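Colleague: Let me begin by handing over the structure; questions about it come next.
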Amino acid sequence: TWAMKLAPYAVFGMMVQVSASSGLDSLRSVGAYVLTAYLGYVLMILAYALLAGLTTPFSMVTFLKKIKTPMLLAFSTSSSAATLPVTMKTAESELAVAPSTAGFIIPLGTTMNMAGSVIWQTSAVLFLARVYGLDLAWPQIFLLIGLSVASTIGSPGVPGVGIGILSMILSRLGVPLEGVTLLIGVERIVDMGCTVVNVTGDLTAS
């Protein structure tokens, strides 16, 4: 309890420290980072909708309308695990997926399908590398993508897990870990969109 009460003050102090060393531009650019992540989310969701439109009787728009309930729930809870029952019900009732298929694919996807997480992890690392003036070469960028994919598979579908995974990736690529404090204030906002992508991917796979 006392740790949770002290956490906001600690985060504020760490953000002041990072801002003092990196400049206020680092805080202003956080907004650009969030927009970049959401652009990636939108493109991924459109790719899922296109895939569904090409392989099912539903058009892209119809598909997105039918799955809007689990998408909204995913956005509000930031947890694909909490959304799981609604996702399965939507797959069966709205998309006419066989219960046996939904019962296998969606719980598996909740654990393994983390496309949204990969988008935000990659965006976050590139953002922090830029804040600290580090130029990642293409081999490092490909390593970043590979690490993001490998580390998010099997991670729990609950809010806040991504920060721990992000810290591991940052240390592997030599990006200062204290930069994470710049992202903590917007982590939940980014995580909300990330979860929508993951749930949409589960339904598309089904």
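The values are calculated or read from the model by the stated rules, or taken from the named source; none is laboratory data. The model shown is predicted, which means the values in this text are computed figures rather than measured ones. A quick note on method: Cβ atoms are made from the backbone with ideal geometry, for glycine too, and the neighbour counts reach across all protein chains shown. These accessible areas exclude ligands, DNA and RNA; they are computed on the full protein's heavy atoms, side chains included. Shrake-Rupley method; radii C 1.70, N 1.55, O 1.52, S 1.80 Å.
Colleague: What number of residues in region 44-70 are part of a helix (DSSP H, G or I) and surrounded by 20 or more Cβ atoms within 10 Å (Cβ to Cβ)?
Modeller: Residues that pass the stated criteria total 7.
Colleague: Something else: Hey, can you tell me all the residues within region 105-121 that are open to solvent by less than 20 Å² (accessible area, probe 1.4 Å) and in contact (Cβ under 8 Å) with a residue 60 or more places away in the chain? Can you show your working first?
Modeller: So in region 105-121, the residues open to solvent by less than 20 Å² (accessible area, probe 1.4 Å) come out as 106, 109-110, 114, 116-117, 120-121.
Result: Ile106, Gly109, Thr110, Met114, Gly116, Ser117, Trp120.
Colleague: Then there is this: When region 185-200 is examined, which residues are found to be within 8 Å of the chain's Cα centre (by Cα) and surrounded by fewer than 21 Cβ atoms within 10 Å (Cβ to Cβ)?
Modeller: Met192
Colleague: Related question: Does region 29-43 hold any residues that are closer than 19 Å to Ala205 by Cα and crowded, with 21+ Cβ neighbours inside 10 Å, and which are they?
Modeller: Of everything in region 29-43, just one residue is closer than 19 Å to Ala205 by Cα and crowded, with 21+ Cβ neighbours inside 10 Å, namely Tyr41.
Colleague: For Val175, are the conditions met, namely being at pLDDT 90 or above and surrounded by 20 or more Cβ atoms within 10 Å (Cβ to Cβ)?
Modeller: Against the criterion (at pLDDT 90 or above and surrounded by 20 or more Cβ atoms within 10 Å (Cβ to Cβ)), Val175 does not qualify.
Colleague: Moving on. Go through (1) within 28 Å of Thr83 (Cα to Cα); (2) open to solvent by less than 30 Å² (accessible area, probe 1.4 Å) for Leu182 and report which single condition fails.
Modeller: Of everything listed in (1) within 28 Å of Thr83 (Cα to Cα); (2) open to solvent by less than 30 Å² (accessible area, probe 1.4 Å), Leu182 misses just condition (1).
Colleague: Kindly check whether there is at least one residue in region 95-102 that is hydroxyl-bearing (Ser, Thr, Tyr) and either under 21 Å from Ile45 (Cβ atoms) or free of Cβ contacts under 8 Å to residues at least 12 places away in the same chain (or both).
Modeller: yes
Colleague: Write out, first by first residue and then by second, each pair whose Cβ atoms fall under 6 Å of each other, whose residues are 6+ apart or on separate chains, and whose first residue, in region 122-151, is under 21 Å from Leu39 (Cα atoms) and open to solvent by 50 Å² or more (accessible area, probe 1.4 Å) while the second is modelled with pLDDT of 85 or more and of a type in the set (A, V, I, L, M, F, W, C).
Modeller: Matching pairs, first to second residue: Val149/Val118.
Colleague: Go through region 80-101 and report how many residues are within 23 Å of the chain's Cα centre (by Cα) and either β-branched (Val, Ile, Thr) or buried (at least 21 other Cβ atoms within 10 Å of the Cβ) (or both).
Modeller: Qualifying residue count, region 80-101: 7.
Colleague: Give the residue that is farthest from Phe127 (Cα to Cα), with candidates limited to residues of region 162-172 that are small (Gly, Ala, Ser) and open to solvent by 30 Å² or more (accessible area, probe 1.4 Å).
Modeller: Gly164
Colleague: If you scan region 111-123, which residues turn out to be part of a helix (DSSP H, G or I) and of a type in the set (A, V, I, L, M)? Please lay out each step first, then the result.
Modeller: Going through region 111-123, the residues part of a helix (DSSP H, G or I) turn out to be 111-112, 115-123.
The answer is Met112, Ala115, Val118, Ile119.
Colleague: Filter region 71-110 down to the residues that are hydrophobic (A, V, I, L, M, F, W, C) and not in a helix (DSSP H, G or I) and list them by number.
Modeller: Once the filter is applied, which keeps residues that are hydrophobic (A, V, I, L, M, F, W, C) and not in a helix (DSSP H, G or I), region 71-110 yields Leu95, Ala96, Val97, Ala98.
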